[in-house]
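What follows is a set of notes on a single structure, which appears directly below.
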Amino acid sequence: MTAHLNIRKETSADHKHVFTLITKAFSALEHSDHKEQFLVERLRNSTAFIPELSLVAEIDNRIVGYILLTGICIKNGSGEWPSLALAPVAVDPDFQGQGIGGKLIMAAHRIAAESGHKSVILLGHAEYYPKFGYVPTVNFGISLPFEVPAENCMAVELAPKGLEGVSGTVEYPHEFFE
Ligand SMILES: CC(C)(COP(=O)(O)OP(=O)(O)OC[C@H]1O[C@@H](n2cnc3c(N)ncnc32)[C@H](O)[C@@H]1OP(=O)(O)O)[C@@H](O)C(=O)NCCC(=O)NCCS
């Protein structure tokens, strides 16, 4: 029997479980500073935090996944456009490879699109995110303020032409850099 997966908005009662989950999910990852759990704590207190885009996935009341989309800005010399950063998405290693990460990403996209958000930007695994519509940000003339390979900088349009006419550099909330 397949256990039922429930995706819902995070509440303050979830914080300590989410902290443990993120710590565990990133612990074996080579390209990680192993501090993603602290980033989430800072972002929850940031003006860029959007509560309805902080989601947990649970099975039998156990939190097995988490995703956060935070407000960012894409800027160039002639304009600026709001967007969202996906960081992080994490699934308990005991539950990985069952589609939970994908369901969290799709749920976050749906809720964000319903609220009128037009795009999501992320820095992540080049092979994983294209399944969910992500393409390199260079396709849109968008760059990230990090020294990382272009293939790891990705964007998805949540609405048709969501990034039409948008180009420049992503400006992250300062909480990303502390
Ligand atoms: C990345 C992560 C969220 C995916 O969650 P998940 O529930 O296991 O993912 P899904 O079941 O939806 O998808 C599994 C697929 O993703 C692939 N995948 C998982 N991690 C991957 C990685 N690091 N790079 C490339 N592909 C990856 C699997 O190979 C699998 O591919 P398949 O469907 O072709 O077999 C999860 O592996 C995780 O928490 N990893 C540690 C934290 C992390 O890396 N977060 C993302 C930071 S960019």
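The values are calculated or read from the model by the stated rules, or taken from the named source; none is laboratory data. Quantities reported herein were computed from a predicted structural model and do not represent experimental measurements. Every residue, glycine as well, gets a Cβ built from its backbone with ideal geometry; the counts of neighbours run over all protein chains shown. The area values use the complete protein model at the heavy-atom level, side chains included, leaving out ligands, DNA and RNA. Shrake-Rupley method; radii C 1.70, N 1.55, O 1.52, S 1.80 Å.
Between amide H atoms placed 1.01 Å from N, distances below 5 Å from residue 72 occur with 83, 84, 85, all of them 5 or more places distant or on a separate chain. Normalised by 2.2 N^0.38 Å, where N is the number of residues, the C-alpha radius of gyration of region 47-149 stands at 1.13. Computed on the chain, with alpha-carbon pairs under 8 angstrom and 6+ residues apart, the relative contact order is 21 percent.
Under a 1.4 angstrom probe, counting protein chains only, how are 174, 15 ranked by accessible area, largest first? Write down the numbers at each step before the final one.
Numbers: 174 115, 15 65 Å².
Largest to smallest exposure gives the sequence 174, 15.
Seen from residue 82, the other residues with C-beta closer than 15 Å to its C-beta sum to a net charge of -2, counting Lys and Arg as +1 and Asp and Glu as -1. Of interest is the spacing of the C-alpha centroids, which for region 123-178 and region 1-79 amounts to 18 Å.
A simple rule links phi to the HN-Hα coupling: the Karplus curve 6.51 cos²θ - 1.76 cosθ + 1.60 with θ = phi - 60°, which for region 144-158 gives 9, x, 10, 8, 9, x, 4, 5, 8, 9, 10, 9, 9, 8, 8 Hz, with x for Gly and Pro. Under the convention that each Lys and Arg Cβ holds +1 and each Asp and Glu Cβ holds -1, the size of the dipole of the chain around its Cα centre is about 360 debye.
Which whole number of Å³ per residue matches the convex hull of the alpha-carbon atoms in region 93-157? Mind dumping the intermediate values first?
Numbers: hull volume 6.4 nm³, N = 65.
Cα-based convex hull of region 93-157, divided per residue, equals 98 Å³.
Put simply, the amide H of residue 64, placed in the peptide plane, has neighbours under 5 Å in 57, 58, 59, leaving out anything fewer than 5 places away on its chain.
Per residue, how much space in cubic angstrom lies within the convex hull of the C-alpha atoms of region 28-101?
Values: hull volume 9.9 nm³, N = 74.
It comes to 134 Å³ per residue, whole-number rounded.
The angle between the Cα long axis of helix 15-26 and the longest principal axis of the Cα atoms of the chain comes to about 70 degrees, rounded to the nearest 10. Close amide-amide hydrogen proximity is noted between residue 117 and no other residue 5 or more places distant or on a separate chain, at a cut-off under 5 Å (H modeled in the peptide plane; Pro and chain starts excluded).
Find the eigenvalues of the gyration tensor of the Cα atoms of the chain, then list the square roots of 5 times those eigenvalues as equivalent ellipsoid semi-axes, largest first, in whole angstrom. Write down the numbers at each step before the final one.
Values: eigenvalues 137, 57, 52 Å².
So the three semi-axes of the chain are 26, 17, 16 Å.
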